[in-house]
Amino acid sequence: MNLNVYYDTQEAPVTFDFATYLVTANCARVFAGCEGMNLHIHAHKFRKKTIRDQSTPEGEIRWRVNHILKGVPALLPMVRDVHIYSSPVMSIDFPMFPPGYPQNKSKDLVIPYLSDTLLKFKDKVDPDCLRPYRPPDEAVNIVSRLRSVGKSSQRGYFTITLRTSRTQTDRNSNLDSWFSVYELLIARGFSVYVVPDYEDLTSHRKYLDYPWETFEIAAFDHGIRLALYAGAIQNLCVLNGVMVPLFHSPYPYIVFKPIVESVHQTRLDWFQRIFGIDQDDSFWWSSGDSQRIEWVEDTVENVSNSLGAYLT
């Protein structure tokens, strides 16, 4: 029996919050004793709640439906089927999630896409249910082939994922610092692959101002991105929506620059209320020290200190 999972873009954003929502749905699946999930995505209208919602052209939103809402489920082995509809919901298949959709009259979100809903499953499901994302086998093969034709170090590799978005620019990566980190790791004999920001890759291409080795295909394909992360010694980034599948996977990561006071969703009270963590904590579902948040800016000094023995 499969759990029927509904996502409605009139109520929920076409962002990587969708990836968080699928983790919540996976916990509900396990809790209900279902084997898999059938996804039903209704994308007939788009919400107009935030400034970003209102300012993004509909054509771009529809592109994101294909890129995010269609692409992310391929990273979940328990997803059996995906349906994307250009019409409103007409019928519901059971068993279903979320409860009460589409006539939810409670104060809760109709589509519970934020991480606070995950707190309801804390200590109630196996921790692996909170880290369900895996790369497809062929994505792993592609990464292996691409690395084999490059200059791959025998010591292994790190990744650096950039954020250089036009939205909430205060959250963006410090490119000068990250290039210095890149050079330090290369000097120690490691390979380093830089994953550009998808938005920057398709517009201003600021990442090309630096002579580092990039893995551009990972910015386009979620499976290849996660396969690249899966084989890394460590994956370095600032807090960024595209990293949600990695944060909910068994693979290593270190997140820098979590606090940006100019953005509501990156203030400490948001972490406390939505993620259920406080300053100096890591995500409560993380697995050991290899998955952690560093509550500091992404300066070369801070990143170097975090990497410790790798740079000595």
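The values are calculated or read from the model by the stated rules, or taken from the named source; none is laboratory data. Bear in mind the structure is a predicted one, so any value in this text is a computation, not a measurement. Note that we place each Cβ from the backbone using ideal geometry, even for glycine, and neighbour counts take in every protein chain shown.
Out of everything in segment 213-234 that is within 22 Å of residue 69 (Cβ to Cβ) and of a type in the set (D, E, K, R), what residue ends up being surrounded by the most Cβ atoms within 10 Å (Cβ to Cβ)?
Once the filter is applied, the top-ranked residue is 225.
Any idea which residue in segment 202-212 is surrounded by the most Cβ atoms within 10 Å (Cβ to Cβ), counting only those that are of a type in the set (D, E, K, R) and touching a helix residue (DSSP H, G or I) at 6+ places or on another chain (Cβ under 9 Å)?
First pass over segment 202-212, keeping only residues of a type in the set (D, E, K, R): 205-206, 209.
Now restrict to residues that are touching a helix residue (DSSP H, G or I) at 6+ places or on another chain (Cβ under 9 Å): 206, 209.
On the way: 206: 16, 209: 11.
Among them, the one singled out is 206.
Residues being under 19 Å from residue 302 (Cβ atoms) and aromatic (Phe, Trp, Tyr): count how many of those fall in segment 258-282.
1
Would you mind stating whether residue 232 is among the small types (Gly, Ala, Ser) and touching a strand residue (DSSP E or B) at 6+ places or on another chain (Cβ under 6 Å)?
In short, yes.
Which count do you get for residues in segment 153-190 that are of a type in the set (D, E, K, R) and under 19 Å from residue 220 (Cα atoms)?
Residues in segment 153-190 being of a type in the set (D, E, K, R) and under 19 Å from residue 220 (Cα atoms): 2 in total.
Filter segment 229-273 down to the residues that are touching a residue at least 40 places away in the same chain (Cβ under 8 Å), over 16 Å from the mean Cα position of the chain (by Cα) and within 21 Å of residue 112 (Cβ to Cβ) and list them by number.
If the condition is that a residue be touching a residue at least 40 places away in the same chain (Cβ under 8 Å), over 16 Å from the mean Cα position of the chain (by Cα) and within 21 Å of residue 112 (Cβ to Cβ), then 273 is the only one that fits.
Criterion first (of a type in the set (Lys, Arg), modelled with pLDDT of 95 or more and either touching a Cys at 6+ places or on another chain (Cβ under 7 Å) or not in a loop (DSSP other than H, G, I, E, B) (or both)) does residue 134 satisfy it?
It is false that residue 134 is of a type in the set (Lys, Arg), modelled with pLDDT of 95 or more and either touching a Cys at 6+ places or on another chain (Cβ under 7 Å) or not in a loop (DSSP other than H, G, I, E, B) (or both).
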